[in-house]
Amino acid sequence: YRLTRFGHNAPSPVEQIIGAAILLPRCDFERVHGMDEQFFIYFEEVDLCKRLRTDGREVWFWPEAQVQHLAGRSCEVDSTRAKMIYVLRESRRKYFAKHFGKRGDLAIECVNRAEALEKLVVLSVLWVLRRRRKDREKIDGFWAVVTGNASRL
């Protein structure tokens with residue numbers, strides 16, 4: 001997602017842009033029925049851009065536009081870190097289910113759990129070595145993804 005091979009010097013059409021930097025006419029926003037409220041946070045802009053493109057609109061990257069996005073700041077506080085790890089994966093699953101049906105839902109659920117298991121192992125080792133609260137909170141979030149149970153978050 002870091003787009004290391006993307007030409008950032010010239011305007012160009014893209015599949016999606018980050019939600020912190022969306023600017024579009026209100027009529028286009030309303031035409032595709034705005035943001036889908038099933039996405040609390042994460043993937044709402046991916047969904048919006050997909051629906052805009054499906055409706056025949058174009059999504060553009062515009063390098064002259066400058067936005068400072070403090071990525072993760074709202075979700076990197078102690079009280080929400082674990083929950084947001086789970087919410088990100090759940091939003092990704094909802095997006096794939098919405099646009100790619102049951103197969104998409106199942107495929108991304110497998111990816112979510114495999115990715116979470118991998119991160120759970122790494123963070124557990126870090127927890128043993130460093131004993132950082134941040135690592136412990138992330139372990140809780142990834143455990144919720146692996147088990148499919150966020151009730152403790």
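The values are calculated or read from the model by the stated rules, or taken from the named source; none is laboratory data. Only a predicted model underlies this, so the values are computations on that prediction, with no experimental measurement involved. Cβ atoms come from the backbone with ideal geometry, glycine included; neighbour counts cover every protein chain shown. Ligands, DNA and RNA are excluded from the accessible area calculation, which covers all protein heavy atoms including side chains. Shrake-Rupley method; radii C 1.70, N 1.55, O 1.52, S 1.80 Å.
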Residue set ARG81, ARG152; condition farther than 30 Å from LEU24 by Cβ, open to solvent by less than 50 Å² (accessible area, probe 1.4 Å) and at pLDDT below 95; output residue ARG81
Please find, within region 7-20, the residue that is modelled with the lowest pLDDT out of those that are within 30 Å of LYS83 (Cβ to Cβ) and out of contact with any strand residue (DSSP E or B) (no Cβ under 9 Å at 6 or more places or on another chain). ALA20
Please work out which residue is farthest from TYR86 (Cα to Cα), limiting yourself to region 31-54 and to residues that are open to solvent by 50 Å² or more (accessible area, probe 1.4 Å) and of a type outside the set (Phe, Trp, Tyr). ARG31
Log entry, pairs with first residue in region 1-29 being of a type in the set (D, E, K, R), second being in a loop (DSSP other than H, G, I, E, B), beta carbons closer than 9 Å, six or more apart or on different chains, reads GLU15/VAL59; ASP28/ASP55; ASP28/ARG57
Region 9-30: number of residues that are under 14 Å from GLU45 (Cα atoms) and open to solvent by 90 Å² or more (accessible area, probe 1.4 Å): 3
Residues that are closer than 23 Å to TYR95 by Cβ and crowded, with 19+ Cβ neighbours inside 10 Å, drawn from region 136-149: LYS138, GLY141, PHE142, TRP143, ALA144, VAL145
Name the residue that is nearest to ALA82 (Cα to Cα), counting only residues in region 118-135 that are touching a residue at least 12 places away in the same chain (Cβ under 8 Å) and open to solvent by 90 Å² or more (accessible area, probe 1.4 Å). LYS134
Residue match in region 84-97 (condition: aliphatic (A, V, I, L, M), loosely packed, with under 15 Cβ neighbours inside 10 Å and at pLDDT 95 or above): no
